[in-house]
Every structure is written in C-alpha cells, then in structure tokens.
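Structure first, then comments.
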Amino acid sequence: MTGTGCQSYQQSMHRRPFLAGAAAGPLLAVGSQESLADLSQGNALADTAVIQYWLNGAASHFETFDPKPDAPDDIRGPFQPINTNLPGVHICEALPRHAQMLDKMTVIRSVRHDNNDHQHGMHWCQTGHDAKANGVNPFKKSSHPSSGSLVAMLRGPNHPGMPPYVMMGYPLDNQGIHRLYPHRSAYLGVRYNPLEILNKRTGDGKDPGQDSDFHVRSLAPIGNLTRSDLMSRGKLLNQFSELRAAFGQTRVRAWNNFYRAASDLVTGDRTGAAFDLDKEDPRTRERYGYNRSGQTALLARRLVESGVTFVTVIDPGVGLSSSGWDLHKKLEWGTKAASPRMDQAVTTLIQDLHERGLNKKVLVVVWGEFGRTPKINKDAGRDHWSGVQSVMLACGNYRHGQVIGSSTAKGEVPKERPIWPYDIVATMYHHLGIDPHVAPVTPVGRSKPLLEKGSVIPELL
C-alpha cells in the first residue's frame, strides 16, 4: 500500500502539471520558469497546500497528546487527562479545544528518531534526513533542503505572483542561536529559501499576546523594509549604475530583472492583500486570538487561500525571550502560559479551513523536533527526548478521527507502529502530489531522491 499510495491518490483526483513559478529567497528570489519546468518530474495535485505548525523547542508529548495518568508521579506530571470527542481517547487537560474536535484530527503517538539535539532533531523533521548520518553539522548548514524548499522548487506557488514558501516565527533560542538552516534550501540555492517574516524580536521584546492592539506591522516582510518602501523601487534601482562599472552590463541587467520581479511579487495587490490582516473581519481575528500564535495561524490561512503552497508557522511557546516550548524548568508554568494560545490558534485554524471549504486542499501538521523526557527533572521540567513524540495532523483530504501508534506505559519509546520523521514528510509530499522518492535534477546539477526512506502513512488513506 505504501509503495503505490501516492500514485493511486494522484490518479483519483484532479491532476495538473507542476507549476513553474517564483520561489522565495532572503528578500524574495524568483526562479526561471524554464529551469523549473525542466525539474518537473510528474504531475502535482491542483491547488493543494501545507501549513506546518512548528512547536519551537519541542513540546512534551505528556502535556499534549499522550498523557500517562497511571504512571508514577515523577513521570505523570502535574496535569490530568481529559476525555475527547473520540470514545476512549484522552489527551492532556492543557488542550481542551483540541479535545472537543479530535474527530477532525489524527494523533500519532509513536514518532521517533535518534538525536536529542535541537538542531539535529529539527533537521530530521524539516528534511526527512539525518544530518549526522551525512556528516553535516546542522548548526552551520543542512545536508538536504527542507521540505518547504523542495516544494518551492517542484511546485512553485498555487497562484502566480505569490511566494511558494513562507516561514513566520522566531526560530532562535534564548542564547540567540539561529535554528534556521533546517528550514532553508541547502544546496538548492537561496532562490528556494522561504520568505521569512517575524524573524526578529519585536521592539519591546514582549509577546504580542500581551498586546490587545497587535497589528500586522509586526509581520512586515523583508526585514526593515516596509511594503511602501518596496513600492518605491528607486532606492535599490539607483544602485545599479554603480554595479554596472564593477560587474558589467549583462550581470547588472540580470540583477535589475531579479529585483523587479521580486519587488513585484511583494508589492503586488494580491500579495499585499494576503499579508494585510487589517482586511480580516475583527471578529475572525479575535476568534484566533490577539497574540502571535493566533495571528500567525490566521495569516497562514490567508496565505494558502491566496496561493502560497507551503507555510511554516513557528509558535513562540512561552514567549519571545525564551526557547519556546523547551521547558527544562517550570514545566507547569510554561504549559499553562503557552498551551492556551496554541490550543486556540490551531483549533480555530482547523475550524476555519473546514468552514471555508479548504479542508481538503490544506494539510495541517503540528509537531516539533522531538518529545520530552519521561521523568520530571530536578528543576520541575522535562529535557530532550527523541525516543518518542506525538504529532497531530488535520485536514488534507485524509481520514481523521483516529490515534495511530502508541508509546510504552512510561512514554519512553514507541510500543506500537513506530513512525519516523521521513514518514511525516512523505505524507506532506503525498498530499501535494509529489512522489517522495523522485530524484530531480537540481539547479546545481545534483540528483538526489527527495527521501531515501519513508512513505505516506497508510492509515490516513
């Protein structure tokens, strides 16, 4: 089943050629249609998209989707399980909204890999490959492109003029260590990096969840440049006369064309409207929550609705001055601080997709780089644990209302149905109509399979 799942799924739905479109770079790079057409290896499912909701720092499986009420106190933790709308299935009381609509979700309780380091774990999940096995230090580079970057290369955007891959969030820890490389394009080149927004702290350093007047100005793309700055393109175009002397007419012309295309992408009416949360009904904004978790989830919906193919939302966890969900200390406090915002944001997103008829088009994946240790540590927190983690999926025209796999009584390792990150990534590719084992010729002449291992999770079909 797993070997033919992608093919049969493609055959059962509307097909179209791979889109040859623009891709995102550090500003916003635009790829050549000809080169992308050459890279196309088959047909993609029309108008499908992925929203990856990333729990930065790694949330505990005990305090989310896999509580262990019968375990000893130092393993069970401070929270209780609650009933869900799936008979006999319980999740942590910190996620009451999830519990009320678990019939629209699939919880996988048996995902594992073999590296407890943040960066390596993130590489596993973002690429489907083990950086260690490839002899790569993911603090400095990635051995493989992220799934979002490969989607940008193979699919492009669902609508011309939109970026194919957007990442919003703050992927830094409290020591200022960048966790960007696994999200980026590796050897594909910068043109397939995501359009990054919210990649810096806000001016006051506070979580916007404390600010009832949270506006999209905090989400302004392109670093310090505003959209109005970009609409006045003369600021950069005036520099080309200086570049002409240094590099020659041909190269200057290429840069000129590159900038104009990138600028048009960001400043175009469709793109600008998609990023403008002030165009959203205030009641909808309130429904998602006036905080960074809620407003970025809402923005993700607006982006896929407007034609973005792959969006990664990095949830801030306990706040922008911390390591997100990396709760080595004060697990109870951190869970109570972070979970309500995430609970509201994710469930509202799923409800909104259903209400707008987007639930079959958009796959939602909620996960982080690993789970947390079974035993509570001396600082009342949980440490890194790659032995097992929980992942939640919703929408995407898959079969939901189920729990796949299980962990042992103390939440240490998978008990049934072990699943690896490459299976999650393969499922994302499958939803987008991309063969996870295809080996496209990249812009730098490499030919590597998207995934060396992994296949769509058959229970979802």
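Summary of values
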{"read-out": "Residue that is surrounded by the fewest Cβ atoms within 10 Å (Cβ to Cβ) [pool: residues in region 139-153 that are farther than 14 Å from residue 189 by Cβ and more than 15 Å from the chain's Cα centre (by Cα)]", "value": "140"}
{"read-out": "Qualifying strands (runs of 3 or more DSSP E) (wholly inside region 42-124; at least 1 residues being aliphatic (A, V, I, L, M), crowded, with 18+ Cβ neighbours inside 10 Å and in contact (Cβ under 8 Å) with a residue 12 or more places away in the chain)", "value": "43-45, 49-55, 90-92, 105-111"}
{"read-out": "Residue in region 126-138 that is touching a residue at least 40 places away in the same chain (Cβ under 8 Å), within 23 Å of the chain's Cα centre (by Cα) and on the phi > 0 side of the Ramachandran plot present", "value": "yes"}
{"read-out": "Of all residues making up region 280-299, the number that are out of contact with any Ser or Thr (no Cβ under 9 Å at 6 or more places or on another chain), in a helix (DSSP H, G or I) and within 16 Å of residue 168 (Cα to Cα)", "value": "3"}
{"read-out": "From 407, 390, residue being touching a Pro at 6+ places or on another chain (Cβ under 7 Å) and polar (S, T, N, Q)", "value": "407"}
{"read-out": "Positions within region 291-310 being at pLDDT 95 or above and of a type in the set (D, E, K, R), in sequence order", "value": "301, 302, 305"}
{"read-out": "Test set (1) at pLDDT below 55; (2) of a type outside the set (Ser, Thr, Tyr); (3) within 18 Å of residue 356 (Cβ to Cβ) - residue 313 fails condition number", "value": "(1)"}
{"read-out": "All positions within region 310-368 that are basic (Lys, Arg), within 28 Å of residue 128 (Cβ to Cβ) and either touching a residue at least 40 places away in the same chain (Cβ under 8 Å) or buried (at least 22 other Cβ atoms within 10 Å of the Cβ) (or both)", "value": "361"}
{"read-out": "Residue list for region 316-356, filter: part of a helix (DSSP H, G or I), in contact with a helix residue (DSSP H, G or I) (Cβ under 9 Å, 6 or more places away or on another chain) and among the basic types (Lys, Arg)", "value": "341"}
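The values are calculated or read from the model by the stated rules, or taken from the named source; none is laboratory data. Fair warning: this is a prediction, and the values are worked out from it, not measured in the lab. As a convention, Cβ positions derive from the backbone with ideal geometry for all residues, glycine included, and neighbour counts pool all protein chains shown.
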